[in-house]
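Please treat every number below as a calculation from the coordinates, not as lab data. Being a predicted model, the structure only gives us computed values, none of them experimental. Reconstructed Cβ throughout: ideal geometry from the backbone, glycine too, with neighbour counts over all protein chains shown.
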Amino acid sequence: MTRLLLDTHALLWCLADDPALSARARRAIVEPDNAVYVSAASAWEISTKVRLGRLPDFISIATDIEALLSKADYLLLPISFRHGQRAGSYSTSVKDPFDRMLAAQAELESLTLVTADSAFSQFPISTLW
């Protein structure tokens, strides 16, 4: 069993059945033996970007994201103090707070991050795309 954490774009592409999601990532996500986690940081990021008008196609997802995740059998990953401390302590050039949080959660929870974002190579985590 592999324990996966979806980066926000991977989550959106998965929920929207977008072909931008790589075939390898899609196979790993639908594999019944794998556990798929979604961070509270992704709900925060999606809601923020919808509010700012940067994700107009995902308003319905932002409105009821928890129900959609439950229906997909994804596991919810809350943000802890430990996650916050680790995210803030990374000495990388990555400034995006959402990316820093996802990296911290992937590292501390021993999760493989499903992402197309090469910025995550700066963190001590495993990625899959």
Positive-pole candidate from LEU68, SER93, ALA23, dipole of the chain, charges at beta carbon:
SER93
For the stretch 1-46, Kirkwood radius (reciprocal of mean inverse C-alpha pair distance, Å):
10.9
Taking alpha-carbon centroids only, the stretch 82-129 lies from the stretch 2-46 a number of Å equal to 15
Please tell me the relative contact order of the stretch 3-128 in percent, rounded to the nearest whole number, where contacts are Cα pairs under 8 Å and at least six residues apart.
31
Please give the FRET efficiency for ARG54 paired with GLN122, using the beta carbon to beta carbon distance and R0 = 22 Å, rounded to the nearest 0.05.
0.40
Within a 10 angstrom radius of the beta carbon, how do THR92, THR112 rank from fewest other beta carbons to most?
THR92, THR112
